[in-house]
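The values are calculated or read from the model by the stated rules, or taken from the named source; none is laboratory data. Fair warning: this is a prediction, and the values are worked out from it, not measured in the lab. Here the Cβ positions follow ideal geometry from the backbone for every residue, glycine too, while neighbour counts run over all protein chains shown.
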Amino acid sequence: MIDRAIACAVLAALFAGTALGAASAGEFACPVAQPSGAPGVIRETPAAIDLLAPVLTGADVTSQIPAIVDGLRKRYPAARSDEIVNYLITAYCPNVAKVPDLSDAEKTQRVEAFSKAVLAVLY
């Protein structure tokens with residue numbers, strides 16, 4: 001299992017890279033789904049992301065994270081915590097990207113807050 005400090009550092013690096021890329025392109029950018037070839041792990045297909053994304057909407061989404069993580073652990077028992085974090089961020093981010101009245105910085109802050117809530121459940 002990954003140490004919480006390492007996970008937070010990785011997450012910070014992920015968003016720093018995303019923010020740099022977004023700043024150069026002039027817009028907020030979400031991570032791209034990464035389908036996995038290993039059996040039993042989470043496959044980040046666009047269809048799988050589309051199924052989960054509606055569950056990750058609303059103001060109370062962070063209260064749902066423990067149940068969502070539990071369901072993912074049951075469905076994908078071989079999935080590592082970092083895979084679950086990536087999967088949930090990839091599914092959550094498009095919901096934030098669609099909010100028209102948020103700046104890119106506000107969108108990044110929302111995704112970071114969600115990510116930290118997921119990390120708190122997993123680590």
Identify all residues within region 65-75 that are buried (at least 17 other Cβ atoms within 10 Å of the Cβ) and either in a loop (DSSP other than H, G, I, E, B) or touching a residue at least 40 places away in the same chain (Cβ under 8 Å) (or both); write none if there are none.
-> ILE65, VAL69
Please work out which residue is nearest to GLU112 (Cα to Cα), limiting yourself to region 25-39 and to residues that are assigned to a loop (DSSP other than H, G, I, E, B) and at pLDDT below 70.
-> GLY26
Selection count where residues are surrounded by 11 or more Cβ atoms within 10 Å (Cβ to Cβ) and either assigned to a helix (DSSP H, G or I) or aliphatic (A, V, I, L, M) (or both), scope region 52-64 | 7
